[in-house]
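> Got a structure here, written out as structure tokens. Questions coming.
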Amino acid sequence: MSNQNNRPRLVVTLGDPAGIGSEVILKALADPEVTQNCHLVVVGNVTLLAKSYENISKNIDNSLNLVDLTDLSIVDITTAGEIITGVGNTASGAASFAYMEYAISRTLAGEFDGIVTGPITKSAWKSAGYNYPGQTELLAERAGIERFGMLFVGCSPFTGWTLRALLATTHIPLCQVSATLTPQLLTNKLDLLVECLENDFGIKNGRIAIAGLNPHSGEMGQLGTEEIDWLIPWLESERQKRPHLQLEGPIPPDTMWVKPGMAWYGNSPVKNPADAYLALYHDQGLIPVKLMAFDRAVNTTIGLPFVRTSPDHGTAFDIAGKGIADATSMKAAIQLAVELVKRRYKV
């Protein structure tokens, strides 16, 4: 922890420099509520940040007071190749990977307490020769861990209720989901989720809702047999091993998100919404999360030896350079990183 009033030390990566990362970072840092509780270092390219600063200045109202670039702590990393605003390519992929490498190495060395990552495009990484499904997998590899997960967190602006959704499988084709899911995999994810609820959110004896895989959770084997073959037996075994937890499921995927939706929007009373939701594959979890919380959800990697958060949106190449990107999710990512660091260090 920083010795400056125990403020968390965070490193913020620019993400793909052809996208909106620089814009949402600059807009987020213009909010004193975001910056006053932490020490921030931005990793990217000063020239690109200056260009983004100029674009934002042309398109904002006077209510947003941008922080002067000279007042920011910036690690300037220059890579080869031309960066074209709005176009992810080999050069932008190499640059965003270099930003991540710096952030990870310096965090593992103890210089930072957490990483907030700007959005990247996986195809640009692949074009630059880096074959990772995403930033999450790179972080896990460099940290030397095998148990990790993608948890999405969002606080409702309507009710104050906090949505937490963990993905059992992440960036894999849909046709591989059934073969990838195993009782051991789900046990590992459930372990991570329980530890996260206790250590990062102070929730013990939590209520966790677990999705089925097939429509109607298989409907007694009529629409798929995974539930009968192993998912229901696995869940019964976990209930016996974890009597202090409330494990609900397997809940039909099309109805699991009804209560969270009500709790988020507050348009109907909800009794005992779950503390967390375990989705079995990417879109099963992220379609409802983005419907509810697209502009404020945060992706946090659990299981790492440090805090990592990221806004839950992509590079938005179609609006890059126009100065109109919404920074709400980036603000939330920085603020959640501060909260998680403080909880871990009990500050």
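The values are calculated or read from the model by the stated rules, or taken from the named source; none is laboratory data. The structure presented is a predicted model; accordingly, all values stated were derived computationally and were not measured. Neighbour counts are summed over all protein chains in view; Cβ atoms, including those assigned to glycine, are modelled from backbone coordinates with ideal geometry. Just the protein is used for accessible areas: all its heavy atoms, side chains included, with ligands, DNA and RNA removed. Shrake-Rupley method; radii C 1.70, N 1.55, O 1.52, S 1.80 Å.
> For segment 326-347, enumerate the residues that are of a type in the set (Lys, Arg) and touching a helix residue (DSSP H, G or I) at 6+ places or on another chain (Cβ under 8 Å). Can you show your working first?
Quick first cut of segment 326-347, residues of a type in the set (Lys, Arg) only: 331, 342-344, 346.
The answer is Lys331, Arg343, Arg344.
> Suppose we filter segment 121-137 for residues that are of a type in the set (Ser, Thr, Tyr) and open to solvent by less than 10 Å² (accessible area, probe 1.4 Å); how many remain?
Of the residues in segment 121-137, the ones of a type in the set (Ser, Thr, Tyr) are 121, 123, 127, 130, 132, 136.
Subset that is open to solvent by less than 10 Å² (accessible area, probe 1.4 Å): 136.
Of the residues in that region, 1 qualify.
> Since Ala140 meets every condition but one in (1) in contact with a Phe, Trp or Tyr (Cβ under 6 Å, 6 or more places away or on another chain); (2) open to solvent by 10 Å² or more (accessible area, probe 1.4 Å), which condition does it not meet?
Of (1) in contact with a Phe, Trp or Tyr (Cβ under 6 Å, 6 or more places away or on another chain); (2) open to solvent by 10 Å² or more (accessible area, probe 1.4 Å), only one is false for Ala140: (2).
> Something else: Quick check on segment 96-134: of everything there that is touching a strand residue (DSSP E or B) at 6+ places or on another chain (Cβ under 8 Å) and assigned to a helix (DSSP H, G or I), which residue is nearest to Glu339 (Cα to Cα)?
If we filter segment 96-134 for residues that are touching a strand residue (DSSP E or B) at 6+ places or on another chain (Cβ under 8 Å), which is where we start, we get 96, 99-100, 102-104, 106-107, 111-119.
When the remaining residues are screened for being assigned to a helix (DSSP H, G or I), the result is 96, 99-100, 102-104, 106-107.
Details: Ser96: 26, Tyr99: 24, Met100: 22, Tyr102: 23, Ala103: 19, Ile104: 20, Arg106: 21, Thr107: 17 Å.
Selected residue: Thr107.
> Take segment 239-259 and flag every residue that is within 20 Å of Ser178 (Cβ to Cβ) and out of contact with any His (no Cβ under 9 Å at 6 or more places or on another chain).
Taking segment 239-259 as the starting set, the residues that turn out to be within 20 Å of Ser178 (Cβ to Cβ) are 249-254, 256.
Result: Gly249, Pro250, Ile251, Met256.
> Would you mention how many residues in segment 236-280 are of a type in the set (Ser, Thr, Tyr) and surrounded by 22 or more Cβ atoms within 10 Å (Cβ to Cβ)? Working first, answer last.
Here is the first cut: in segment 236-280, the residues of a type in the set (Ser, Thr, Tyr) are 237, 255, 265, 268, 277.
The next check asks that each one be surrounded by 22 or more Cβ atoms within 10 Å (Cβ to Cβ); those that pass are 277.
Residues flagged as of a type in the set (Ser, Thr, Tyr) and surrounded by 22 or more Cβ atoms within 10 Å (Cβ to Cβ) within segment 236-280 amount to 1.
> Condition first: surrounded by fewer than 20 Cβ atoms within 10 Å (Cβ to Cβ), among the hydrophobic types (A, V, I, L, M, F, W, C) and assigned to a loop (DSSP other than H, G, I, E, B). Now tell me which residues in segment 281-305 satisfy that.
Answer for segment 281-305, where residues must be surrounded by fewer than 20 Cβ atoms within 10 Å (Cβ to Cβ), among the hydrophobic types (A, V, I, L, M, F, W, C) and assigned to a loop (DSSP other than H, G, I, E, B): just Phe294.
> Quick one: which residue in Gly154, Gly149, Gly144 is closer than 30 Å to Pro269 by Cα and not polar (S, T, N, Q)? Step through it out loud before you land on a result.
Working: Gly149 fails: closer than 30 Å to Pro269 by Cα; Gly144 fails: closer than 30 Å to Pro269 by Cα.
Step by step, each of Gly154, Gly149, Gly144 is checked, and only Gly154 is closer than 30 Å to Pro269 by Cα and not polar (S, T, N, Q).
> Now, a different point. Would a scan of segment 124-147 turn up a residue that is touching a Gly at 6+ places or on another chain (Cβ under 9 Å) and among the aromatic types (Phe, Trp, Tyr)?
Yes, that holds for at least one residue.
> Among the residues of segment 67-91, count how many are within 11 Å of Gly44 (Cβ to Cβ) and loosely packed, with under 13 Cβ neighbours inside 10 Å.
Of the residues in segment 67-91, 2 are within 11 Å of Gly44 (Cβ to Cβ) and loosely packed, with under 13 Cβ neighbours inside 10 Å.
> Another one. What number of residues in segment 219-253 are under 16 Å from Tyr281 (Cα atoms) and assigned to a helix (DSSP H, G or I)?
Final tally of qualifying residues: 3.
> I've got another one for you. Show the residue pairs that are 6+ apart or on different chains and have beta-carbon atoms under 6 Å apart, the first residue being within segment 138-150 and among the small types (Gly, Ala, Ser), the second being surrounded by fewer than 16 Cβ atoms within 10 Å (Cβ to Cβ).
Going by the 6 Å Cβ cut-off, the qualifying pairs are Ala143/Pro305.
> Taking the residues in segment 143-179 that are in contact with a helix residue (DSSP H, G or I) (Cβ under 9 Å, 6 or more places away or on another chain) and part of a helix (DSSP H, G or I) as candidates, determine which candidate is surrounded by the fewest Cβ atoms within 10 Å (Cβ to Cβ).
Looking at residues that are in contact with a helix residue (DSSP H, G or I) (Cβ under 9 Å, 6 or more places away or on another chain) and part of a helix (DSSP H, G or I), I get Leu174.
> One residue is enough: does segment 180-200 have a residue meeting the conditions over 20 Å from the mean Cα position of the chain (by Cα), of a type in the set (Val, Ile, Thr) and modelled with pLDDT under 95?
Among the residues of segment 180-200, not one is over 20 Å from the mean Cα position of the chain (by Cα), of a type in the set (Val, Ile, Thr) and modelled with pLDDT under 95, which makes the answer no.
> What are the pairs, 6+ residues apart or on separate chains, where a residue within segment 209-221 that is open to solvent by 30 Å² or more (accessible area, probe 1.4 Å) has its Cβ under 6 Å from a residue that is outside any strand (DSSP E or B)?
Listed pairs, sorted by first residue: Pro215/Leu223; His216/Leu223; His216/Pro252.
> Pick from segment 6-44 the residues that are polar (S, T, N, Q) and open to solvent by 20 Å² or more (accessible area, probe 1.4 Å): which of them is farthest from the chain's Cα centre (by Cα)?
At the first step, the residues of segment 6-44 found to be polar (S, T, N, Q) are 6, 13, 22, 35-37.
Okay, now just the ones that are also open to solvent by 20 Å² or more (accessible area, probe 1.4 Å), so 6, 35-37.
Numbers: Asn6: 24, Thr35: 20, Gln36: 22, Asn37: 20 Å.
In this case the residue turns out to be Asn6.
> Can I ask one more? (1) in contact (Cβ under 8 Å) with a residue 12 or more places away in the chain; (2) farther than 13 Å from Cys155 by Cβ: which one isn't true of Lys346, the others all being true?
(1)
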